[in-house]
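Some notes on the structure that comes next.
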Amino acid sequence: MATPLTFAIPKGRILEEALPVMERAGVVPEEAFHDKGNRSLTFATTREDLRLIRVRAFDVATFVAHGAAQVGIVGSDVIEEFDYSDLYAPVDLAIGHCRLSLAAPADVPEAGAGASHMRVATKYPNVTRRWFERQGIQAECVKLNGAMEIAPALGLARRIVDLVSSGRTLAENGLEERDVIMQVSARLIVNRAALKTDPRVGELVERFRTVAAAPDAS
Ligand SMILES: Nc1ncnc2c1ncn2[C@@H]1O[C@H](COP(=O)(O)OP(=O)(O)OP(=O)(O)O)[C@@H](O)[C@H]1O
Ligand SMILES: O=P(O)(O)OC[C@H]1O[C@H](OP(=O)(O)OP(=O)(O)O)[C@H](O)[C@@H]1O
């Protein structure tokens with residue numbers, strides 16, 4: 001049998017929305033995948049030639065970009081942050097909708113108000129630096145891995161760049177959304193070399209494209 005394809009999916013909040021989409025595309029994990037106590041990171045699927053790995057959202061992009069996994073699902077926020085040339089994102093799955101925004105407490109001046117340098121706490125230093133650069137501002141980014149919203153209150157940085165959906169987390173931490181940097185949704189990603197050399201990758205892309213284009217019947 002040919003080497004199995006490896007499909008990387010994130011552990012976090014995209015997973016729940018991704019599973020029905022994957023199922024409609026014929027990617028169905030084994031029962032053990034749903035067992036909360038299971039510590040395995042690799043799972044079989046109903047397709048003998050396809051296995052799943054469950055990793056952190058940022059690592060999905062890394063596994064696929066390096067060809068260690070051929071296919072994956074990840075937010076467009078993560079794709080933008082890494083900007084890997086070997087990673088191709090051909091299908092918008094229209095799930096995991098949120099936005100990446102600049103936020104600050106009410107008493108902090110607007111980003112464009114004359115300053116040429118500012119400090120920003122974020123999980124997305126590359127996207128943040130690029131966005132500020134386009135406005136002639138040099139952003140000094142303090143990298144955090146979560147809970148960015150507490151940084152201004154503790155004096156780590158006056159501004160943050162983080163994901164926003166309902167806006168509740170910002171509001172409950174005394175922050176205002178100032179600028180939307182990008183709209184985010186989850187994408188199917190593939191390794192470019194694998195797409196060229198393994199017809200199964202192209203076939204999976206087509207299946208997900210069809211599923212994404214068809215309204216969910218359920
Ligand atoms: N509030 C939100 N609403 C909708 N989608 C979101 C939201 N927050 C994050 N996402 C999407 O889900 C992805 C993973 O989110 P999140 O960072 O919450 O996962 P996580 O499990 O905390 O990640 P990590 O692996 O870093 O622990 C994000 O990259 C983004 O695309
Ligand atoms: O606008 P809201 O609807 O409040 O959603 C935004 C929050 O959701 C995400 O965090 P998550 O809950 O995934 O936790 P995290 O901080 O561990 O990433 C994001 O980082 C925000 O903190």
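Just so it is clear, none of the values below were taken in a lab; they were calculated from the coordinates. Here the structure is a predicted model, which is why all the values come from computation and not from measurement. When we count neighbours, we look across all protein chains shown, and the Cβ atoms used for this are built from the backbone with ideal geometry, even at glycine.
What number does the chain give for Rg over Rh if you use C-alpha atoms and the Kirkwood radius?
My calculation puts Rg/Rh at 1.03.
Working out 0.36 nm times the residue gap between His66 and Asp216, then minus their Cα-Cα distance, what length gain in nm do you get to one decimal? Let's see the in-between values first.
Working: separation 150, 0.36 × 150 = 54.00 nm, distance 3.24 nm.
In short, 50.8 nm is gained.
Take Val164, Val60, Val91, Val78 and order them by how many other Cβ atoms sit within 10 Å, fewest up front.
Least to most surrounded, the residues fall as Val164, Val91, Val78, Val60.
With a 10 Å Cβ neighbour count serving as the proxy for reagent exposure, in which order, fewest first, do Phe132, Phe63 appear?
Details: Phe132 24, Phe63 21.
The fewest-first ordering by Cβ neighbours comes to Phe63, Phe132.
What percentage of all Cα-Cα pairs in the range 98-182 are separated by more than 18 Å?
Tail of the P(r) past 18 Å holds 32 percent of the pairs.
Counting Lys and Arg as +1 and Asp and Glu as -1, each charge on the Cβ, what is the dipole of the chain about the Cα centre in debye, to the nearest 20? Could the numbers behind the result be given before it?
Working: 26 positive and 29 negative charges, 71 e Å.
Once rounded to the nearest 20, the dipole reads 340 debye.
Which of the helices in the chain, when you take each full DSSP H run, stretch at least 18 Å along the axis at their Cα atoms and have an average Kyte-Doolittle score of -0.5 or higher?
Membrane-span-like by this criterion, though nothing is claimed about a membrane: 199-213.
Please report how many Lys pairs in the chain have alpha carbons closer than 24 angstrom, counting only residues at least 8 apart along the chain or sitting on separate chains.
4
Sum -39500 (n - 2.57) across every DSSP H segment of at least 4 residues in the chain, then divide by the residue count to get the 222 nm mean residue ellipticity, nearest 500.
Numbers: 7 runs with 62 residues, N = 218.
For the chain, the value works out to -8000 deg cm²/dmol.
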